[in-house]
Amino acid sequence: MVRTHVLPNGMRIVTERVPGVRSVSVGCWVDVGSRDEAPEQNGICHFVEHMMFKGTRRRSARDIAEVMDATGGQLNAFTTKEATCYYARVLDEHLPVALDLLADMVLDSVFRTEDVAREREVILEEIRLSEDTPEDNVHDVFEQALFGSHPLARPVLGTAKTVGACTRGALVKFVQEHYSPSRLVVAASGNVDHDRLVDAVVQLFGERRGPAPHRTAVALNYRAGWVMVPRSFEQVHLCVGVPALNRRDPDRFALQLLDTVLGGGMSSRLFQELREERGLVYSTYSYHFTYGETGVLAVYAGTSADKAPEVLDVIRAELEEAYRGEITAEEVERAKEQVKGSLMLSLESTAARMSRLGREALAGEPHLSPRQLVRRIDAVTLEDVIRVAERLLRPELLTVVGLGAVPSSWRAQVLEEAAI
């Protein structure tokens, strides 16, 4: 059962008691991500996330690690384009310790100058690692090409230039401006008592006050095109896709099924055609994200330079077939079962359940039970999936990004496409 509570300061608490488990996953979610940064601040949100583990007025970085290790639990965090989350997974008896630790980090981190300098170097190494990992980096390049001047184009890690220029004062000011109660959510799933958790959150967070900044929606001024980034890698890493649906679009369940049909598993069209039938790739898949104003639907494939033209032709052909409505009822039914099975398996994880609660609460979305989600998926028709494909996959709307050993024959084509 899911229960919610809103404190007088605007902070939200949402819990889900899961019978038969001894663990609890608890997260402190903040409604701020890389899209909320100024361009010259890019990466500051992720920098703040790192600094929250470097010490508070009560605990050193070593103390934080030792307290969590003593519970046998796990403590971690992540930053996305629209949210930051600090979370722990512990036995139920250690929930008070985990919650106290999270509150201490989020509310009372000290940002020592020497720690800022040291962690800056850590993040710069993380950026270098990302740039040296093309199968990851290509997605950042793709979203920069897809979103252009929109705030969603900014990479979560930032750049060497912006992270290098980030100061302690800027970090502290960013927290003061964005980590306000109205943007905080505590979500917990597992063997958790809602009323006791509310009482604990009131004690730890309830007195906090602060501004209530509001995220401004930004229209996407989309223009399709090609972006090729030659690098001395063995492969070409390709991303092909379009802006997709926002998180409240009623067609989002049909989009999930379309994604699954295209590249959501070993039986998907792309895996079967590119890997099984032609042997052109080792890795290929499709994916989608939903954001506040828009979203992403994309295909990834990694291949050698000599095979890249054929791989790109196959991807574009598959997307065009879907656009023309060449999708079968059998494919949609198989996708439904795959999505439902994946959903049910994920519900065995208290961390996955907690993540769902936190994301829904930040977005102001109603919670859908597993049964309601299954009904929404089952309600999608073949015609719905075809309609979404026709809505999104117009060939002239495709953005194409290549990173790595880009064929020289593509360069003139890139310039020609970019002029469209």
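Each reported figure results from applying straightforward, stated rules to the coordinates on display, with no laboratory input. Nothing here was measured: the structure is a model prediction, and the numbers come from that model. Quick reminder, even Gly has a Cβ in these numbers, built from the backbone with ideal geometry, and neighbours come from all protein chains shown.
Odds and ends about this structure:
- Checking 177, 143, 234 one by one, the residue that is surrounded by fewer than 18 Cβ atoms within 10 Å (Cβ to Cβ) and either of a type in the set (Gly, Ala, Ser) or touching a residue at least 60 places away in the same chain (Cβ under 8 Å) (or both) is 234 and no other.
Here is a yes/no grid of residues against (1) among the hydrophobic types (A, V, I, L, M, F, W, C); (2) touching a residue at least 12 places away in the same chain (Cβ under 8 Å); (3) in contact with an Asp or Glu (Cβ under 7 Å, 6 or more places away or on another chain):
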{"position": "101", "(1), (2), (3)": "yes, yes, no"}
{"position": "107", "(1), (2), (3)": "yes, yes, no"}
{"position": "117", "(1), (2), (3)": "yes, no, no"}
{"position": "155", "(1), (2), (3)": "no, yes, yes"}
{"position": "160", "(1), (2), (3)": "yes, yes, no"}
{"position": "172", "(1), (2), (3)": "yes, yes, no"}
{"position": "194", "(1), (2), (3)": "no, yes, no"}
{"position": "206", "(1), (2), (3)": "no, yes, no"}
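- Taking segment 246-263 as the range and being without any contact (Cβ under 8 Å) to a residue 60 or more places away in the chain and not in a helix (DSSP H, G or I) as the test, the residues that pass are 246, 249, 250.
- Hey, residue 302 assigned to a helix (DSSP H, G or I) and surrounded by 21 or more Cβ atoms within 10 Å (Cβ to Cβ) or not: no
- Residue check for residue 30: in contact (Cβ under 8 Å) with a residue 40 or more places away in the chain, within 22 Å of the chain's Cα centre (by Cα) and over 19 Å from residue 352 (Cβ atoms): yes
- Scanning segment 1-44 for residues being among the β-branched types (Val, Ile, Thr) and touching a Phe, Trp or Tyr at 6+ places or on another chain (Cβ under 8 Å) gives a total of 4.
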